[in-house]
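Single-structure report; data block below.
What follows is calculated from the coordinates using simple rules that are stated; it is not laboratory data. Note that the structure is predicted; figures quoted are calculated from it, not measured. Virtual Cβ from ideal backbone geometry, glycine too; neighbours counted across all protein chains shown.
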2 protein chains.
Amino acid sequence: MADPASPVTNFARLYHLPHVVIIGGGFAGIAAARGLANRRVRVTIIDRHNFHTFLPLLYQVATAGLEPADIAYPIRTIFGHAPNIHFRHGAVRALDHERRIVVLADGTEIEYNHVVVATGATAAFFGVPGASTHALPLYTLADARRLRNRLLLALEDADARAEFGPVALTFVVVGGGPTGVETAGALSELIKITIRRDGLRLDPTMVRVVLVDLSTRLLAAFPERASSYAARELTRMGVKIQFDRSVVEVGANHLVFADGERLETTAVVWAAGLTVADTLAGTLSATSGPGGRVPVEADLRVVGSADVWAVGDAAAVAARGGGYYPQLAPMAIQSGRHGARQILRVLDGQATTAFRYRNKGIMATIGRRAAVAKLPHAGVVTGTLGWLAWLGLHLFYLVGFRNRLRVMINWTWRYFDWPSGPRLIVADAETAE
Amino acid sequence: MADPASPVTNFARLYHLPHVVIIGGGFAGIAAARGLANRRVRVTIIDRHNFHTFLPLLYQVATAGLEPADIAYPIRTIFGHAPNIHFRHGAVRALDHERRIVVLADGTEIEYNHVVVATGATAAFFGVPGASTHALPLYTLADARRLRNRLLLALEDADARAEFGPVALTFVVVGGGPTGVETAGALSELIKITIRRDGLRLDPTMVRVVLVDLSTRLLAAFPERASSYAARELTRMGVKIQFDRSVVEVGANHLVFADGERLETTAVVWAAGLTVADTLAGTLSATSGPGGRVPVEADLRVVGSADVWAVGDAAAVAARGGGYYPQLAPMAIQSGRHGARQILRVLDGQATTAFRYRNKGIMATIGRRAAVAKLPHAGVVTGTLGWLAWLGLHLFYLVGFRNRLRVMINWTWRYFDWPSGPRLIVADAETAE
């Protein structure tokens, strides 16, 4: 007989409760599950990965400032003390509204009473030829590892070629939003550290980081003052900023701009935007919001549905003042939490309430002691103060004390340029050069 | 003009010096390079990986107690302050004795005055059908990541199947040497933690770890007392030990013993031994020592060669009392150091000296507060004292303060069974399901 306190028995005891299936273990999915922990429902949270990824620090993994494990946390462990929450490792193939069933890639069918779609978004390539093949997006931990391996391999390769003459490298970051700005800054730091600390035989003036954007300023969601501060700081760090540039083709070692100019590239980082179009959420509704997002009612139910909810980056939530709420971590957390509360209300026979986004501000870091924050009531904060605010908030929101400790150690090493730091090329497949 | 203090200029300044090429950045190669740092030679150290791996803790990465980055250290960083040592990332295809050239996989030819072969060994499958395809060896960081992903995926899969009825799992470790004993113990701990902490719906009595060995005792290199202690401790932890068992076939989900018995398996860890036969070192000599190792003279020169040296696991060094010295970390470090000293002597026109291995003892850990150490003059130490000695020595020998700090954090978490720990399934390729 099984132990009466075992997970097997515990879970079986809950079979009579309504079943809520949450698809996706990002900020929104985790917040939704937390809102249902230890309540009178049975919850299954499904994700392709067995861990939650802290996306705001992804660019630091890509630029070898942090380790993958520093920003990832096992989903099972988050809910270790909530016996009504169960994690299922797998990819979702389809949602069958009629039969109220989630179908997994391996064919398993999971019945639900309510389903929360928290599947996030993916990189938007806007149909630019070659972009999805050759440019490197930055939206998953696997993306970050791939980009890091690519950057470090390019530097190793350049060092080997330096034996025969000077080598020029051009790293291009496409997109001047927070991800593009943060990646360009961190990449520029990585190059300086590897030349100074790791003895790479490269001339720093011949290794360029170019940040290109469609518009005429960086960080479009921030006030003008923050944009010019970011541009000034990046330029000071050696990043070349090119505005008004539209990329129309990406190749293995080049890209082409709309004006016909061709640029030889070492690697292209794609931080140009997000889309939901190709994901499960993109199939939920006949119409779609900006970036392919699923239109939802004020209570976050998918338009036209009684038991399908959409939260986080996947959902197009109409904002009070017109337009839609932005795809940000605080928005994902708040909407996930709201969705959970509404499901409990529906199950209790109560009326649902409208979601209301509480603006927590936005921030982006540029480099050592340089960051920019726009706080809801305090205006724009830049420089060391902005950077300290950025550090503190990111440490605070990171899941798990162990990860916080490890991130602090890695940040300390990077800040002082101490030797080491996780500049490792670790691939699954062993390649012979 | 290039900066006169830049790595480019520094390295060019050394071109007139004799060139020593070291193949391999393991214990032996790093020790050899350290012995040549800041001396009147130019050194190129070549490795397929840009990092040195601390192999004694590999099994902890495989069983999700440590992160890959905790036991890996960038080779460039180790020699950041030695301008005469240069790292070359690449795989070696061949050694051309006549032309004194090392040929890389990409075709690059590197001339040498002396070459040190420190290429280590690989898993020996002894021609057992299916073993190289289905069994999981543990000799590189990639091996450890692959094994970890396989173990964690097997547990996830079992949890999903537990919905429909009880699930039995059988993990088999082949080989009762230190790697096999340490892996079996750590695997048994991992299973307990995931069931207790991560809420896996598995009955612990149905998840078996089986350790099989050809002989009639574990840890054959240790005294009898240590062997029986290890067997007792492992048994207490729930590991099933089977002696006198020879594996003759390994399949995707089974293995077959010499007596015809078939065992259904979830995963097979291969810790049965090492060989040098298929590596570059295996091609250096017409004859070979035990495990395909290259026979060397007393001064560590490859037999019949004036400028090719072999050190570490790749070399068969005749022991004073007959037989050969063992393939252990202290042996690799001492032989690498000795090889470097001899090269300097030869370049100085001095006679070489014979290598002499100083026995530092051997140790293996079994689990929490259970380890066994055989020290040269103190006999066998077991239990908590052995375990503390093991912890201290491994921390001491780990490269880099940052890695020591991170390992200590991870060990603390594991010791107290605190939540989290790096139980992440991170693969390069995104797989659906």
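If you take every DSSP beta bridge whose two residues both sit in the protein assembly as shown, what share of them, in percent to the nearest 5, is antiparallel? Numbers along the way, then the final one.
Details: 62 of 131 bridges.
Within the protein assembly as shown, antiparallel bridges account for around 45 percent of the total.
Please state the relative contact order of the stretch A:225-276 as a whole percent: Cα pairs under 8 Å, 6+ residues apart? Write out the running numbers ahead of the final one.
On the way: 35 pairs, mean separation 9.5, N = 52.
Relative contact order of the stretch A:225-276: 18 percent.
Packing-wise, with mean Cβ within 10 Å as the measure, how do B:386-392, B:27-33, B:162-168 rank, highest first? Kindly include the intermediate steps, with their values, before the conclusion.
On the way: B:386-392: 18.0, B:27-33: 27.9, B:162-168: 13.7.
My ranking of the peptides, most packed first, is B:27-33, B:386-392, B:162-168.
How high is the relative contact order of the stretch A:40-174, given as a whole-number percent (alpha carbon pairs under 8 Å, six or more residues apart)? Mind dumping the intermediate values first?
Working: 136 pairs, mean separation 32.8, N = 135.
Across the stretch A:40-174, relative contact order equals 24 percent.
How far apart, in nm, are the 7 Å Cα→Cβ label points at B:A82 and A:K192?
2.9
Rounded to the nearest 20 Debye, what is the dipole magnitude of the protein assembly as shown about its Cα centre when Lys and Arg each give +1 and Asp and Glu each give -1 at the C-beta?
Values: 90 positive and 72 negative charges, 590 e Å.
That gives the protein assembly as shown a dipole magnitude of about 2840 debye.
Which whole-angstrom value gives the distance between the alpha carbon centres of the stretch B:352-404 and the stretch B:315-338?
About 17 Å separates the Cα centre of the stretch B:352-404 from the one of the stretch B:315-338.
Among DSSP bridges having both ends in the stretch A:217-341, what percentage is antiparallel? Round to the nearest 5.
Numbers: 9 of 11 bridges.
In the stretch A:217-341, approximately 80 percent of DSSP beta bridges are antiparallel ones.
State which helices in chain A qualify, where a helix is a whole DSSP H run, it must extend 20 Å or more along its own axis by its Cα atoms, and its mean Kyte-Doolittle hydropathy must be at least 0.5. Provide the component values of the computation, followed by the final result.
Working: long enough: A:141-161 (30 Å, -0.39); A:178-197 (28 Å, 0.18); A:329-347 (27 Å, 0.06); A:383-397 (21 Å, 1.03); A:401-415 (21 Å, -0.77).
Within chain A the helices that satisfy the rule are A:383-397.
Taking the Cα centre of the stretch B:114-177 as origin, work out the dipole magnitude from +1 charges on Lys and Arg Cβ and -1 charges on Asp and Glu Cβ, in debye rounded to 20. Kindly include the intermediate steps, with their values, before the conclusion.
Details: 5 positive and 5 negative charges, 44 e Å.
Here the size comes out at about 220 debye.
Within a 10 angstrom radius of the beta carbon, how do B:M408, A:M237 rank from fewest other beta carbons to most?
Values: B:M408 14, A:M237 19.
If I rank by nearby Cβ atoms, fewest first, I get B:M408, A:M237.
Round to a whole angstrom and tell me the spacing of the C-alpha centers of the stretch B:44-116 and the stretch B:234-313.
With the stretch B:44-116 and the stretch B:234-313 each reduced to a Cα centre, they are spaced 22 Å.
If you put +1 on each Lys and Arg Cβ and -1 on each Asp and Glu Cβ, how big is the dipole of the stretch B:301-433 around its Cα centre, in Debye rounded to 20? Please list the in-between numbers first.
Numbers: 16 positive and 7 negative charges, 147 e Å.
Approximately 700 debye in magnitude.
Do you know the relative contact order of chain A, to the nearest whole percent, from alpha carbon pairs under 8 angstrom that are 6+ apart? Numbers along the way, then the final one.
Working: 863 pairs, mean separation 78.9, N = 433.
Relative CO of chain A lands at 18 percent.
Could you work out the mean count of beta carbons from other protein chains within 10 Å of each residue's beta carbon in B:131-143? It would help to have the intermediate numbers written out before the result.
Numbers: counts 0, 0, 0, 0, 0, 0, 0, 0, 0, 1, 4, 6, 1.
Average neighbour count from other chains, rounded to a whole number: 1.
Go through the stretch A:194-263 and name the GluC sites (Glu not before Pro) that are in a DSSP coil and have 14 or fewer other Cβ atoms within 10 Å of their Cβ.
On the way: sites: A:E224, A:E233, A:E249, A:E261; in loops: A:E261.
Counting only loop positions with at most 14 other Cβ atoms within 10 Å, the GluC sites (Glu not before Pro) in the stretch A:194-263 are A:E261.
Tell me the distances, shortest first, between A:L395 and the same position across the other copies, using label points 7 Å along Cα→Cβ, in nm to one decimal.
Nearest to farthest, the other copies are at 2.3 nm.
Do any GluC sites (Glu not before Pro) in the stretch B:49-130 lie in a loop, going by DSSP, with at most 16 other beta-carbon atoms within 10 Å of their beta carbon, and if so which? If you can, show how the numbers build up before the last one.
On the way: sites: B:E98, B:E109, B:E111; in loops: B:E98.
Hits after loop and neighbour filter: B:E98.
Just checking the output field for B:196-208: average partner chain Cβ neighbours within 10 Å of each residue's Cβ?
Working: counts 3, 5, 10, 15, 6, 9, 3, 7, 2, 2, 1, 0, 0.
Other-chain Cβ atoms within 10 Å of each residue's Cβ, averaged: 5.
Quick one: order A:L187, B:L211 by neighbouring beta-carbon count within 10 Å, fewest to most. Please list the in-between numbers first.
On the way: A:L187 25, B:L211 30.
Listing A:L187, B:L211 from fewest to most nearby Cβ atoms yields A:L187, B:L211.
What does the helix-only formula give at 222 nm for chain B: each DSSP H stretch with n ≥ 4 adding -39500 (n - 2.57), the total divided by the residues, and the result rounded to the nearest 500 deg cm²/dmol?
Numbers: 11 runs with 132 residues, N = 433.
For chain B, the value works out to -9500 deg cm²/dmol.
Mind sorting B:T353, A:T365 by how few other Cβ atoms lie within 10 Å of their own Cβ, fewest first?
On the way: B:T353 12, A:T365 27.
Fewest to most other Cβ atoms nearby, the residues stand as B:T353, A:T365.
Which one, B:M408, B:V426, B:L66, is farthest towards the positive end of the dipole of chain B when Lys and Arg carry +1 and Asp and Glu -1 on their Cβ?
In chain B, that residue is B:M408.
Using +1 at the C-beta of Lys and Arg and -1 at the C-beta of Asp and Glu, which of B:A144, A:A306, A:A37 has the Cα lying farthest in the positive direction of the dipole of the protein assembly as shown?
Going by the Cα projections, it comes out as A:A37.
What does the net charge come to around A:A281 if you take all other residues with beta carbon closer than 10 Å to its beta carbon, with K and R at +1 and D and E at -1? Intermediate values should be presented prior to the final figure.
Details: positive: A:R293; negative: A:D278, A:D313.
For residues surrounding A:A281, the net value is -1.
Averaged across A:102-109, how many Cβ atoms of other chains sit within 10 Å of each residue's Cβ atom?
Numbers: counts 0, 0, 3, 3, 4, 1, 5, 0.
Whole-number average of other-chain Cβ neighbours for A:102-109 is 2.
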